[in-house]
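I have a structure I would like to understand better, so I am pasting it below and will then ask my questions one at a time.
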Amino acid sequence: MVIFGMELAFIIGLAALILFFTVIVASLLGFIPQDRLPIQSALVLMTFIITAMVFIASLFDSSVLQIGFVDLIGMIIIHPITALAAGFLAAGALEVAGAFDAAADALTRLEQLKIRGVAIFGIPGTVVLLMNMPTIIAMPCGRILAAALMPAALGLGYKVARRLGDPRMVGVIVFAFIVNAAASCGPSVLGGIGLLGEGLAKLPLTSLSDPQQTGIIICTGVCALVMKFVTPLFPADMKKEEFEKEKEEEETIEVANDGGQKEMKVKVKEEPEETKEVKAEKRPEEKPKPSEEPKKTEEKKESIFKRMSRMETRLKNGYITLGLFMIVLALTLILQPKIPIQTILVVLALIIMLVGRASIQDLMAGVILHPIMAMSAGFLIAGAMGLAGGFDVLLILLRGLAELKIAGFPILGYLGVAIILVNIPTIMPMPCGRILAAALIPGVWIYGEALVEITDNAIVLPVLLGAFIVNAAASCGPSPLGGIGGIGEGNMGVEIGSSGKSQQCGILLATGVTALVIAFVTGATMI
Amino acid sequence: MIADGLVIMALLGLLGIFFIIQLKMMFFPQIKGEIIEFESIFDPDCKSCRGKNEGKTSLPIKVKTDDGKIISAEISACTMCIEGIGIGSRIGVTKVGSRHIAQACANIRGRNN
């Protein structure tokens, strides 16, 4: 059936594509309020609309619907979702067992480690290790380590800022850490986005991880540089006293007069109870009664001692479980056993829970479902677009754009279009990189296959996929719809979105570096 | 192969359980209230660069319940960012194990500030 000179199937595919991008752009620009209809829900709604559109159109032209409903169900792939679920199980077990606590403690000890009076790591080494730790450990969602190690990042940031007398260093360390965390879900073996590309293109397991990690390390450095010299959060000439005062006002502290000396005390964190009255945080005018002070000091000593003895066991368990996790991960990558990653992760999670004496309930409380929902929304819309022929239309449009010429010279060419395609996630950053990764990866794969045919070079496909995935993984950092950057910005009390530019600069570099590493270093092992 | 299949089925079942728990937390929380503060997680003295809540993947908050009490809870960074939750947002708190988990309330009107 032809309408306005176009096949009905083409029109439906084009409509599906337009609807998809309209929802994305409308959400980014605020036309779809996120508190009423979050992006994931909007995409699921769009899935139903597109599917209904396809079935109605198939009544007029049977060539529109090429797949039966049963076949469609049969095409559903559950491996990425189960891998992600297993990854979160393992991450939850690690958290409850205290592994992330141990990681933060290890950083502190490394900073102080000396041999014959010479600091081995010192602050610079510790900072570099901290900023890259999310990619080294690589959890299925960057927010896991972003939240777990944020206190360490803030602490080191302020320490370095005070030592160097440069307030910009706080933003440098915190946001370089955050962009590293944002991107870390790409190379993660625990259900990371990279596994999507490896499965789709039938690449060896974790073959896209090393190039991504290389790119992310570069991204981290670039973000740090931009944060210091281009978009600093605090002016470099900010006086130390002003900086200290600003930080004191922001933090929740109690000020007590003790023998005429002002003493800054941090509130002792108490175990949360079901209902509890909490006194107002700042009451500098209230002085504790002298008769109460010794009791308070004793209680504090006892509770700190108790806390320390509890912490010691927890830290020990944390170190053991973290070490176990790293060893199993390393062995999996080296030996490449013929066991599905889900099985390895589930068994690992069970062992960690036994060693760390973690309860199932606490584990379940720590599982984050948002990335799973985001990825599912992406898969659903991708399925709907595939059903409607949206990806076929996308390929036609991309090829048309690539072959567009002025005076015989291509404007973008296939390379230019490929560069734009792989950077779409950062151009339209979603709160979870998995949304666009799952939704657009079939399109990227189709374009990659077309490029392989044109260039007669099989390496082009993994290059395109790897670059797209690292870009998608990192894109959640600068997202205005609730990116990881917001965690750092909120904690530092700066304007939301102020770290976006530095992160985007880093991500652009990371995308290019990942592509180069695959093309010239690791690509030969993939094809 | 059979063991792998069982693991996959178990994971799907576990996903289903997590989903039900999340729905319960969203639609039938034990306590409803409003976020009044995101607790500071940072130790300004930084003698050992250790902060409060370190090692936890969730962030500590203070909630004023509908009956006027103030309680401590924790919220995942994902929920906070993706749901656009901030000071003044209405949330539900559910006790899971020994943890008080905050989740966005499924009250569409006036959901978040």
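The values are calculated or read from the model by the stated rules, or taken from the named source; none is laboratory data. Please read these numbers as outputs of a predicted model, since none were measured by experiment. Backbone-built Cβ (ideal geometry, glycine too); neighbour counts: all protein chains shown. Quick note on the areas: whole protein, heavy atoms, side chains included, nothing else; ligands and nucleic acids left out. Shrake-Rupley method; radii C 1.70, N 1.55, O 1.52, S 1.80 Å.
Within region A:394-414, track down each residue that is surrounded by fewer than 13 Cβ atoms within 10 Å (Cβ to Cβ) and part of a loop (DSSP other than H, G, I, E, B).
Correct list: A:Ala407, A:Gly408, A:Ile411.
On the given criteria, is A:Ile424 open to solvent by 10 Å² or more (accessible area, probe 1.4 Å), closer than 17 Å to A:Ala473 by Cβ and part of a helix (DSSP H, G or I)? Outline the logic, then answer.
Working: open to solvent by 10 Å² or more (accessible area, probe 1.4 Å): yes; closer than 17 Å to A:Ala473 by Cβ: yes; part of a helix (DSSP H, G or I): yes.
Against the criterion (open to solvent by 10 Å² or more (accessible area, probe 1.4 Å), closer than 17 Å to A:Ala473 by Cβ and part of a helix (DSSP H, G or I)), A:Ile424 qualifies.
Could we say that A:Val174 is among the hydrophobic types (A, V, I, L, M, F, W, C) and open to solvent by 10 Å² or more (accessible area, probe 1.4 Å) here? Working first, answer last.
Details: among the hydrophobic types (A, V, I, L, M, F, W, C): yes; open to solvent by 10 Å² or more (accessible area, probe 1.4 Å): no.
No.
Output the residue which, of all residues in region A:127-140 that are open to solvent by 10 Å² or more (accessible area, probe 1.4 Å) and under 14 Å from A:Phe100 (Cβ atoms), is nearest to the other protein chains (Cβ to nearest Cβ). Explain how you work it out, then say what you get.
Filtering region A:127-140 for residues open to solvent by 10 Å² or more (accessible area, probe 1.4 Å) gives A:127-129, A:131-133, A:136.
Narrowing further to those that are under 14 Å from A:Phe100 (Cβ atoms): A:133, A:136.
Numbers: A:Met133: 13, A:Ile136: 16 Å.
The qualifying residue nearest to the other protein chains (Cβ to nearest Cβ) is A:Met133.
Something else: Given the conditions (1) touching a residue at least 60 places away in the same chain (Cβ under 8 Å); (2) under 22 Å from B:Gly84 (Cβ atoms), which single one is not true for A:Gly497?
Tallying (1) touching a residue at least 60 places away in the same chain (Cβ under 8 Å); (2) under 22 Å from B:Gly84 (Cβ atoms), A:Gly497 fails exactly one: (1).
Inside region A:427-439, can you point out the residues that are surrounded by fewer than 24 Cβ atoms within 10 Å (Cβ to Cβ), in contact (Cβ under 8 Å) with a residue 24 or more places away in the chain and either within 14 Å of another protein chain (Cβ to nearest Cβ) or part of a helix (DSSP H, G or I) (or both)? Working first, answer last.
Step one: of region A:427-439, the residues surrounded by fewer than 24 Cβ atoms within 10 Å (Cβ to Cβ) are A:427-428.
Now drop any that are not in contact (Cβ under 8 Å) with a residue 24 or more places away in the chain, which leaves A:428.
Residues satisfying the conditions do not exist here.
Are there helices (runs of 4 or more DSSP H) fully within region A:276-386 with at least 1 residues that are away from every other protein chain (no Cβ under 11 Å), surrounded by 12 or more Cβ atoms within 10 Å (Cβ to Cβ) and at pLDDT 70 or above? List them. First the steps, then the outcome.
Details: elements: A:293-335, A:341-356, A:360-366.
Counting at least 1 such residues, we get A:293-335, A:341-356.
Something else now. State which residue is surrounded by the fewest Cβ atoms within 10 Å (Cβ to Cβ) when the search covers only region A:75-126 and only residues that are charged (D, E, K, R) and part of a helix (DSSP H, G or I).
Just the residues of region A:75-126 that are charged (D, E, K, R), to begin with: A:95, A:101, A:105, A:109, A:111, A:114, A:116.
Of the ones still in play, those that are also part of a helix (DSSP H, G or I) are A:95, A:101, A:105, A:109, A:111.
Details: A:Glu95: 30, A:Asp101: 25, A:Asp105: 23, A:Arg109: 11, A:Glu111: 22.
By that ranking, first place goes to A:Arg109.
Restrict the check to region A:459-473 and report whether at least one residue is open to solvent by 10 Å² or more (accessible area, probe 1.4 Å), more than 20 Å from the chain's Cα centre (by Cα) and within 14 Å of chain B (Cβ to nearest Cβ).
No; the residues of region A:459-473 include none that is open to solvent by 10 Å² or more (accessible area, probe 1.4 Å), more than 20 Å from the chain's Cα centre (by Cα) and within 14 Å of chain B (Cβ to nearest Cβ).
Scan region A:27-53 for residues that are aliphatic (A, V, I, L, M) and either in contact with a Leu (Cβ under 8 Å, 6 or more places away or on another chain) or in contact (Cβ under 8 Å) with a residue 12 or more places away in the chain (or both) and jot them down. First the steps, then the outcome.
Initial filter on region A:27-53 (aliphatic (A, V, I, L, M)): A:28-29, A:32, A:37, A:39, A:42-46, A:49-50, A:52-53.
Listed by number, the residues that qualify are A:Leu28, A:Leu37, A:Ile39, A:Ala42, A:Leu43, A:Val44, A:Leu45, A:Met46, A:Ile49, A:Ile50, A:Met53.
Still on this model: Within region B:1-39, restricting attention to residues that are outside any helix (DSSP H, G or I) and within 15 Å of B:Met80 (Cβ to Cβ), which residue is modelled with the lowest pLDDT? Let's see the steps before the verdict.
First, pick out the residues of region B:1-39 that are outside any helix (DSSP H, G or I): B:1, B:28-39.
When the remaining residues are screened for being within 15 Å of B:Met80 (Cβ to Cβ), the result is B:34-39.
Working: B:Glu34: 89, B:Ile35: 88, B:Ile36: 88, B:Glu37: 82, B:Phe38: 77, B:Glu39: 72.
By that ranking, first place goes to B:Glu39.
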